[in-house]
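Here's the structure, in structure tokens; my notes come after.
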Amino acid sequence: MIEVRDVAKIYGAGENITHALRGVDFTIEDGEFVAIMGPSGSGKSTLMHILGCLDAPTAGSYFLDGKDVSKLSDEELADIRKEKIGFVFQSFNLLPRATVLRNAILPLLYAGVPRERRERAARAALLSVGLPESHFNHRSNELSGGQIQRVAIARALVNDPSLILADEPTGNLDTATGEIVLETFQRLNADEKRTIVLITHESDVAAHAARIIHVRDGRIVEDGRNHARKSLHSHHS
């Protein structure tokens, strides 16, 4: 699904030049759950922007579902973001006074999906992240942090994207709540075979993924199976 070939990203010019990525290569198969891990300044955020079609590489190529994204116009990139990628960020970006259901429906409104289908898809997405139907008409400012982030995940799922990109999705949550959110990702990956790429600087968070790619100074320093994976249903206090 994802093929990154010798991708480099350079910012600035002259003496102020920054090599954010220095020739990165990897492939992510359909249905994988991968964490991209690295300290601040490692290049992982730049990589996320490229994977999310929010930025283009300076050199190298990026294929998403067989399409060479590095060659597309801004407009085409916007279409891909709308149709193929679900984003989950650290800041939840929900409308505080809108209901849970309304927040989940929003991306479909922008995409021009007919009303009946919008509501059906939003309900299915909310149920799949484990939100009870009794919460659908709550305003999002009446929810707990973990519930809010699950609404944000449902909103990312609602247009049935081929890729879910989560950038530090537990950054604003306490550990126990973060666990619930990470288990939600694990369940979506296991039960619905969703492809998930999780960007994080915390090893506890990365431990939920099946594979971890370590980035440092713009290069991949390690990429392999996570044998110490935190399994679903093994609740740690």
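Each row is one residue, and each column tells you yes or no for (1) surrounded by fewer than 22 Cβ atoms within 10 Å (Cβ to Cβ); (2) touching a helix residue (DSSP H, G or I) at 6+ places or on another chain (Cβ under 7 Å).
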{"residue": "A122", "(1), (2)": "no, yes"}
{"residue": "A125", "(1), (2)": "no, yes"}
{"residue": "N172", "(1), (2)": "yes, yes"}
{"residue": "I180", "(1), (2)": "yes, yes"}
{"residue": "K193", "(1), (2)": "yes, no"}
{"residue": "R216", "(1), (2)": "yes, no"}
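Just one of (1) closer than 28 Å to T170 by Cβ; (2) surrounded by 13 or more Cβ atoms within 10 Å (Cβ to Cβ) trips up D6, so point out which. Only one criterion in (1) closer than 28 Å to T170 by Cβ; (2) surrounded by 13 or more Cβ atoms within 10 Å (Cβ to Cβ) is unmet by D6, namely (1).
Is one or more of the residues making up region 220-231 free of Cβ contacts under 8 Å to residues at least 60 places away in the same chain and under 25 Å from I148 (Cα atoms)? Please lay out each step first, then the result.
Keep residues of region 220-231 that are free of Cβ contacts under 8 Å to residues at least 60 places away in the same chain, which gives 221-222, 224-225, 227-231.
Next cut, under 25 Å from I148 (Cα atoms) only: 230-231.
Yes, that holds for at least one residue.
Each value in this text was obtained by applying a stated rule to the coordinates, not by laboratory testing. Quantities reported herein were computed from a predicted structural model and do not represent experimental measurements. Every residue, glycine as well, gets a Cβ built from its backbone with ideal geometry; the counts of neighbours run over all protein chains shown.
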